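Chemist: Let me begin by handing over the structure; questions about it come next.
The values are calculated or read from the model by the stated rules, or taken from the named source; none is laboratory data. All values reported here derive from a predicted model rather than from experimental measurement. Glycine gets a Cβ as well: all are built from the backbone with ideal geometry, and neighbour counts include every protein chain shown.
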Amino acid sequence: MSNLLDPDADFQALDTAELRIIATRRGGAVLRRGRAVMELGRRASDDAALLKEVAGLVRAPENLQLLTVGAVSVSQLGAAGLVAGGGESAHALAAELAGEWQRDERSDFARLMRSSGIPWPPGSGRTRATVRDNVIIEANGA
């Protein structure tokens, strides 16, 4: 069974430059933009420069406001891509970014991750999170 966070073969076939164009294009399909940011997040796990770039895309107010499916924003898909791509730095960055969001945005992100089979907030020791009523109240790097 597939879910929203499954890798997309069409986006995996694109090079990073093409993904950047889609991720920053104004007026294009919002879900396509979100999937491009998510794929960039996946690729960023071993690339410090790309991690910074993805962090900028996730922090961009317009990406946090653009909803793709339900209550899932372009920014949240980017953070999910960081987690899906693996790597300690990417995972810690995703937790940091989620910690910057409003309570309802953190709650929506936690629901997205759990519905995709990814435990959130993470319990691996990489990140400490304070959770109350299934909502991330605070997330800090360990």
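Chemist: Out of the residues in region 1-20 that are surrounded by fewer than 12 Cβ atoms within 10 Å (Cβ to Cβ) and among the hydrophobic types (A, V, I, L, M, F, W, C), state the one that is farthest from Arg111 (Cα to Cα). Before you say what the answer is, go through the steps one by one.
Modeler: First, pick out the residues of region 1-20 that are surrounded by fewer than 12 Cβ atoms within 10 Å (Cβ to Cβ): 1-3, 6, 9-10, 12-13, 15, 17.
After this cut, where a residue has to be among the hydrophobic types (A, V, I, L, M, F, W, C) as well, the list is 1, 9, 13, 17.
On the way: Met1: 18, Ala9: 24, Ala13: 28, Ala17: 31 Å.
Checked region 1-20; the qualifying residue farthest from Arg111 (Cα to Cα) is Ala17.
Chemist: Another question, then. Within region 62-69, is there a residue that is among the polar types (S, T, N, Q) and over 16 Å from the mean Cα position of the chain (by Cα)? Give the steps one after another, and end with the answer.
Modeler: First pass over region 62-69, keeping only residues among the polar types (S, T, N, Q): 63, 65, 68.
Checking the rest, the ones that are also over 16 Å from the mean Cα position of the chain (by Cα) come to none.
No, because not a single residue in region 62-69 is among the polar types (S, T, N, Q) and over 16 Å from the mean Cα position of the chain (by Cα).
Chemist: Here is a further query. For region 24-44, name all the residues that are among the small types (Gly, Ala, Ser) and either out of contact with any Ser or Thr (no Cβ under 7 Å at 6 or more places or on another chain) or modelled with pLDDT of 95 or more (or both).
Modeler: Residues of region 24-44 among the small types (Gly, Ala, Ser): 27-29, 34, 36, 41, 44.
Gly27, Gly28, Ala29, Ala36, Gly41, Ala44, listed by residue number.
Chemist: Go through region 64-97 and give me each residue that's of a type in the set (Gly, Ala, Ser), crowded, with 19+ Cβ neighbours inside 10 Å and over 19 Å from Arg35 (Cβ atoms).
Modeler: Residues of region 64-97 that are of a type in the set (Gly, Ala, Ser), as a first pass: 70-71, 73, 75, 78-81, 84-87, 89-90, 92, 94-95.
Among the residues that remain, those that are also crowded, with 19+ Cβ neighbours inside 10 Å are: 73, 75, 78-81, 84-85, 90, 92, 94-95.
Selection gives Ala92, Ala95.
Chemist: From the set of residues in region 21-45 that are without any contact (Cβ under 8 Å) to a residue 24 or more places away in the chain and either in contact with a Pro (Cβ under 7 Å, 6 or more places away or on another chain) or part of a helix (DSSP H, G or I) (or both), which is surrounded by the fewest Cβ atoms within 10 Å (Cβ to Cβ)?
Modeler: Ile21
Chemist: Also, quick follow-up: Please state which one of Val54, Val131 is aliphatic (A, V, I, L, M) and either in a helix (DSSP H, G or I) or at pLDDT 95 or above (or both). So that I can check it myself, show each step before the final result.
Modeler: On the way: Val131 fails: either in a helix (DSSP H, G or I) or at pLDDT 95 or above (or both).
Just one listed residue meets the conditions, Val54.
Chemist: Please state which of the following conditions Glu100 fails to meet, knowing it meets all the rest: (1) under 16 Å from Arg43 (Cβ atoms); (2) surrounded by fewer than 22 Cβ atoms within 10 Å (Cβ to Cβ); (3) not basic (Lys, Arg).
Modeler: Against the list (1) under 16 Å from Arg43 (Cβ atoms); (2) surrounded by fewer than 22 Cβ atoms within 10 Å (Cβ to Cβ); (3) not basic (Lys, Arg), Glu100 comes up short only on (1).
Chemist: Right, another one. Of all residues in region 57-82 being in contact (Cβ under 8 Å) with a residue 60 or more places away in the chain and not in a helix (DSSP H, G or I), which is farthest from Ala94 (Cα to Cα)?
Modeler: Applying the filter and picking the extreme gives Val69.
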